[in-house]
1. Please work out how many pairs of lysine residues in the chain are eight or more positions apart (or on different chains) and have Cα atoms closer than 20 angstrom.
2. Compare the Cα positions of His23, Val80, Ala13 along the charge dipole of segment 2-82 (+1 at Cβ of Lys, Arg; -1 at Cβ of Asp, Glu; about the Cα centre) and return the one farthest towards the positive end.
3. Here are labelled values, [x] 39.8, 126; [y] 20.0, 68; [z] 12.8, 37, and one is the computed Rg and Dmax of the Cα atoms in Å for what I pasted. Which one?
4. Tell me, His11, His23, His50 in order of fewest to most beta-carbon neighbours within 10 Å?
5. Per residue of the chain, what 222 nm ellipticity follows from adding -39500 (n - 2.57) for every DSSP H run with n ≥ 4, rounded to the nearest 500?
6. Ranked by Cβ crowding within 10 angstrom, fewest neighbours first, how are Val81, Val61 ordered?
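What follows is calculated from the coordinates using simple rules that are stated; it is not laboratory data. The structure presented is a predicted model; accordingly, all values stated were derived computationally and were not measured. With ideal geometry, Cβ positions are generated from the backbone for all residues, glycine too; neighbour counts draw on all protein chains shown.
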Amino acid sequence: MADYFARVELHGAPWPTGYQKLHEALAAHNFTNCIDSGDFSWRLPTAFYHATGRIDDAAVVAKAVKQCADSTGYKNEVLVVKNGGWTGYLSSKC
């Protein structure tokens, strides 16, 4: 099983209202905009998502994220990265 990060940019979408449909669509695929650091759950930067425990390969996950982005009606760009570990400096708790 693998963890994935996804970054989705919806061209012309206002933040945060324009991303609500994306957020809901990605939640159906177990993506969230929060990440657990052990002690706390931290909010990821704008339009950045995380999913844990996926059995799919990166191409399948990327296709699912792209379909979620396309469902918003906005032109978009999608980047999906299979996580091998992370370090960050996040300031907002979920």
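1. Working: Lys21/Lys63; Lys21/Lys66; Lys21/Lys75; Lys63/Lys75; Lys63/Lys82; Lys66/Lys75; Lys66/Lys82.
Step by step, the pairs that qualify in the chain add up to 7.
2. Highest projection toward the positive end goes to Ala13.
3. Read-out from the structure maps to [z].
4. Working: His11 9, His23 17, His50 20.
So the ranking, lowest neighbour count to highest, is His11, His23, His50.
5. Working: 2 runs with 21 residues, N = 94.
Result for the chain: -6500 deg cm²/dmol, rounded to the nearest 500.
6. Details: Val81 14, Val61 21.
Ordered from fewest to most neighbouring Cβ atoms within 10 Å, Val81, Val61 come out as Val81, Val61.
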